[in-house]
Amino acid sequence: MIICLCEGVTDRDVRDAAKRGAASLDDLVQTCRAGGDCGQCRADLRRLLREQTARPRKEER
Ligand code: FES
């Protein structure tokens with residue numbers, strides 16, 4: 001599902017960026033460009049980052 005319409009970034013792209021170490025909105029703009037234009041997606045990006053950081057990674061279980 002596309003989360004950032006301006007940049008065509010999907011929720012999967014954001015999760016992948018978070019898995020690679022993106023931990024803030026600035027990190028997402030730098031890594032996948034999500035949230036770098038109008039900003040309408042930033043609440044959803046924050047939620048995805050929170051979900052991703054709260055969920056233990058498979059190899060950590
Ligand atoms: S929808 Fe993400 S910056 Fe506009």
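The values are calculated or read from the model by the stated rules, or taken from the named source; none is laboratory data. A quick note: this is a predicted structure, and the numbers were derived from the prediction, not measured. Cβ placement follows ideal geometry from the backbone for every residue including glycine, while neighbour counts extend to all protein chains displayed. When the accessible area is computed, the model is the full protein with side chains, heavy atoms only, and any ligands, DNA or RNA have been set aside. Shrake-Rupley method; radii C 1.70, N 1.55, O 1.52, S 1.80 Å.
Among 6-18, 39-51, how do they line up from the highest to the lowest mean number of other beta-carbon atoms within 10 Å? If you can, show how the numbers build up before the last one.
Values: 6-18: 17.8, 39-51: 15.8.
Order by mean packing, descending: 6-18, 39-51.
Show that you can apply the helix-only estimate: for the chain, add -39,500 (n - 2.57) for every DSSP H stretch of four or more residues, divide by all residues, and state [θ] at 222 nm to the nearest 500.
Numbers: 3 runs with 30 residues, N = 61.
Taken over the chain, the calculation gives -14500 deg cm²/dmol.
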Rg and Dmax [Cα atoms of the range 2-54; Å; Rg one decimal, Dmax integer]:
9.3, 27
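Let me check against my output: what whole-number percent is the relative contact order of the range 2-54, with C-alpha pairs under 8 Å and at least 6 apart? Walk me through the numbers before you get to the answer.
Values: 64 pairs, mean separation 21.4, N = 53.
The normalised contact order for the range 2-54 reaches 40 percent.
How long is the gain from residue 51 to residue 33 if the chain were fully straight, where each residue apart is worth 0.36 nm and the alpha carbon distance is subtracted?
Values: separation 18, 0.36 × 18 = 6.48 nm, distance 1.93 nm.
Going from the current span to full extension adds 4.6 nm.
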So how do 4, 32 rank on accessible area, 1.4 Å probe, biggest first, that is with the largest at the start?
32, 4
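Suppose every K and R has +1 on its Cβ and every D and E has -1 on its Cβ; what is the size of the dipole of the chain about the Cα centre, in Debye to the nearest 20? Don't skip to the end; give the middle numbers.
Details: 13 positive and 11 negative charges, 65 e Å.
Computed charge dipole of the chain: roughly 320 debye.
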